[in-house]
Amino acid sequence: MSVATTTAARTVKTTVATGKSRDRTTVSLVFLVALWFSLFFGVVVLLALIISTATKGAARFDMELLTNYTSLVSPETSGFRAGILGSLWLMLFTALFAVPLGIAAALYLEEFADSEKWWNRLIEVNLQNLAAVPSIVYGLLAVAVMALMGFSDSGTVLGGSVALALLILPVIIITTREAVRAVPREIRDGSLALGATVWQTTWKQTLPAAIPGIATGTILGLSRAIGEAAPLVIVGLAGSIRFDPEGLMSNATALPMQIYSLTSQSQEALRQAASAAIIVLLVMILGLNALAIFIRNKFQRSW
């Protein structure tokens with residue numbers, strides 16, 4: 001074999017192994033510049049919106065924003081206590097409804113289901129499709145579920161939690177399956193070789209090893225749900241409630257609902273309060289995302 005052939009073969013192997021090519025054609029450079037420009041443009045627009053919103057609501061960054069109720073009579077001291085507490089209640093019951101069901105479904109599909117069966121393949125396809133369904137559709141589905149359960153009023157903590165649980169359930173299932181799939185097969189084989197059953201192996205070995213990935217996906221799903229307003233509009237959560245939720249069947253509101261309600265008001269003070277509430281909501285979402293990143297970096301294992 002000649003030296004040129006050997007060098008060419010090594011170049012091909014390096015390109016295949018690294019996925020990179022030293023060739024820089026005009027088309028590839030133009031495409032690369034377009035990608036970086038799109039990323040830069042999106043980040044700049046996002047920063048501009050955040051800075052503009054924070055500037056408009058800067059005068060309302062006070063404790064009254066968190067402790068007072070929404071008031072059209074005294075908009076200068078209007079707050080979002082009911083919306084913040086309502087969002088916390090919704091997140092609590094959304095997690096209680098979605099997380100156990102999502103983890104159980106993911107474990108069944110990944111560890112126990114027969115992929116050759118047509119109904120399991122149908123579930124697989126539907127899961128991928130449901131993750132991309134608009135959130136407003138889950139609100140319609142929640143109304144139907146509440147009606148089937150015999151509840152005439154869906155504008156409660158239960159109704160909102162059902163809508164948000166249905167929204168994040170596909171995300172939790174998919175991320176849990178990926179976390180379980182990342183656990184090495186050798187751990188399962190070793191447990192089975194020592195006489196453990198499939199269920200014992202899944203419960204004692206696979207699931208604990210996948211908890212960091214499951215927790216990360218769950219928190220990211222909840223961070224998406226806390227900022228959703230469309231499904232809550234459909235289930236009938238009001239934006240003008242001025243009391244704290246007291247239970248699962250209590251009428252409630254949520255922070256996105258109150259923001260949506262106040263941004264359409266003509267009074268400048270209410271729109272200013274809505275701008276400040278947007279920043280509060282962003283802080284809550286970013287806090288959940290930061291928690292997910294911390295859990296991933298702290299507890300993630302390298303197999």
Determine ³J(HN,Hα), in whole Hz, for all residues of the range 179-188 in sequence, where each value follows from phi through the Karplus function 6.51 cos²θ - 1.76 cosθ + 1.60 and θ = phi - 60°; x replaces Gly and Pro. 5, 5, 5, 6, 6, x, 5, 4, 5, 5
Which of 130, 32, 167 ends up with the largest GNM mean-square fluctuation for the chain, with Cα atoms connected below 10 Å? 32
Ordered by fewest other Cβ atoms within 10 Å, a rough proxy for footprinting exposure, 261, 78 read 261, 78
What do you get for Rg/Rh over the range 182-303 if you use C-alpha atoms and the Kirkwood form of Rh? 1.21
Stick to Cα atoms and the Kirkwood definition of Rh, then tell me Rg/Rh for the range 64-299. 1.06
log10 of Debye I(q)/I(0), alpha-carbon scatterers only, for the range 216-285 at 0.14, 0.15, 0.18, 0.23 Å⁻¹: -0.48, -0.55, -0.77, -1.11
What shape does the range 30-155 have by the C-alpha gyration tensor, where a ≥ b ≥ c are the square roots of the eigenvalues, rounded means a/c under 1.5, and otherwise prolate means a/b greater than b/c and oblate the rest? oblate
Most fluctuating residue given options 286, 194, 270, as computed from a GNM of the chain linking Cα atoms under 10 Å: 194
What number, rounded to the nearest 500 deg cm²/dmol, is the helix-based mean residue ellipticity at 222 nm of the chain, given -39500 (n - 2.57) per DSSP H run of at least four residues and division by all its residues? -23000 deg cm²/dmol
GNM, the chain, Cα, under 10 Å: largest mean-square fluctuation among 48, 215, 95? 48
How many nm separate the modelled label positions at residue 44 and residue 203, each set 7 Å beyond the Cα in the direction of the Cβ? 5.8 nm
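None of the figures in this text is laboratory data; all of them are computed from the coordinates on show. Computed from a prediction, not measured in an experiment: that's the story for all the values here. Every residue, glycine among them, receives a Cβ derived from its backbone with ideal geometry; neighbour counts consider all protein chains shown.
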